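In what follows, a structure is listed as structure tokens, so that the remarks can point back to it.
The values are calculated or read from the model by the stated rules, or taken from the named source; none is laboratory data. Quick caveat, the model's predicted, so the values are computed rather than measured. Neighbour counts run over all protein chains shown; Cβ positions are idealised from the backbone, glycine included.
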Amino acid sequence: MSIKDQVDDNILLRKKMDTAILLQEETITKSSEETLTKVDNEHNPLSVKDRIKNNPSLKKLVHRMLIPKGGAAPRLWVKLFLNPFLHKRGQGSTIRRRTRIDVLPFNRFELGANSTIEDFCTINNGVGDVIIGNNSLVGISNVIIGPVTIGNDVILAQNIVVSALNHEYRDVTQPIHAQKILTAPIIIEDECWIAANAVITSGVTVGKHSVVAANAVVTKSVPPYSVVAGNPARVIKKYDFDLKDWVRV
């Protein structure tokens, strides 16, 4: 065998050894990760959030640390040291100074790029996430109580209530405030316009590019490309894609 052949064989052998070592390292790493995951699952079957939820005493303690007794607004330290790092703000988004942002760290709050929350609004994620998309406007004196998802390019005019929260009332042996809270998510899809003084109730979806007229009370979901008005709100117009026009219903 020539010297060149011996060198080639040595190079080939070295490559095989390197490959074998690499595969062995990957196998060990994978095995270690699986072992750690298994141990973690055995010793920590619940997340921190789940543990707090399932332990009434711990839940009460954490709640008092985050919110004063009888209040809804988070403590100052939560606003200053937790919320800025946990909640997402898109580039160019604006929250006016005279707003009440009652957002807590255990639920999501997101405000998309170039979206604005105007003065005198109340935003509350205490019982569910509040997600607001890009290029959307939450007008003066709106109240939004999660779980609520607002899409992109949405206009909410003035004095609107969007509340996904309800109170149980059917047990006449207890005051209503002592009974449980009920929630059902609200979704306002892209390009909608909600006019002044409207009310959107829990469990409602307002379809894409729809209009809710002023003073309407929306208790049922609104189809896309519709106009609704009244109390309770009903569809009065729909967009006809064949005619390319809004047609009265």
Problem - Options Leu104, Leu111, Leu76, Leu82: the member that is within 18 Å of the chain's Cα centre (by Cα) and over 24 Å from Val161 (Cβ atoms) - result: Leu82
Handout entry: Complete set of residues in segment 99-119 that are in contact with a strand residue (DSSP E or B) (Cβ under 8 Å, 6 or more places away or on another chain), free of Cβ contacts under 8 Å to residues at least 40 places away in the same chain and closer than 16 Å to Gly139 by Cα
Key = Thr99, Arg100, Ile101, Leu111, Ser115, Thr116, Ile117, Glu118
Problem - Selection status of Leu66, among the hydrophobic types (A, V, I, L, M, F, W, C), modelled with pLDDT under 80 and within 16 Å of Asn124 (Cα to Cα) - result: yes
Completion exercise
Out of (1) of a type outside the set (Gly, Ala, Ser); (2) in a loop (DSSP other than H, G, I, E, B); (3) closer than 28 Å to Arg64 by Cα, the one Gln91 does not meet is (3)
Completion exercise
Those residues of segment 113-147 that are hydrophobic (A, V, I, L, M, F, W, C) and assigned to a strand (DSSP E or B) come to a total of 10
Fill in the blank from the handout: Restricted to segment 112-126 and to residues being closer than 21 Å to Gln91 by Cβ and of a type in the set (Ser, Thr, Tyr), the residue surrounded by the most Cβ atoms within 10 Å (Cβ to Cβ) is Ser115
Exercise for the section: Of the conditions (1) on the phi < 0 side of the Ramachandran plot; (2) buried (at least 16 other Cβ atoms within 10 Å of the Cβ), Asn135 clears all except one; give me its number. Expected result: (1)
Handout entry: Meets criteria (of a type in the set (A, V, I, L, M) and either touching a Pro at 6+ places or on another chain (Cβ under 6 Å) or under 20 Å from Lys208 (Cα atoms) (or both)) for Val143
Key = no
Practice task
Find the residue count for segment 70-105, including only residues that are surrounded by fewer than 12 Cβ atoms within 10 Å (Cβ to Cβ) and either hydroxyl-bearing (Ser, Thr, Tyr) or at pLDDT below 75 (or both).
Solution key: 2
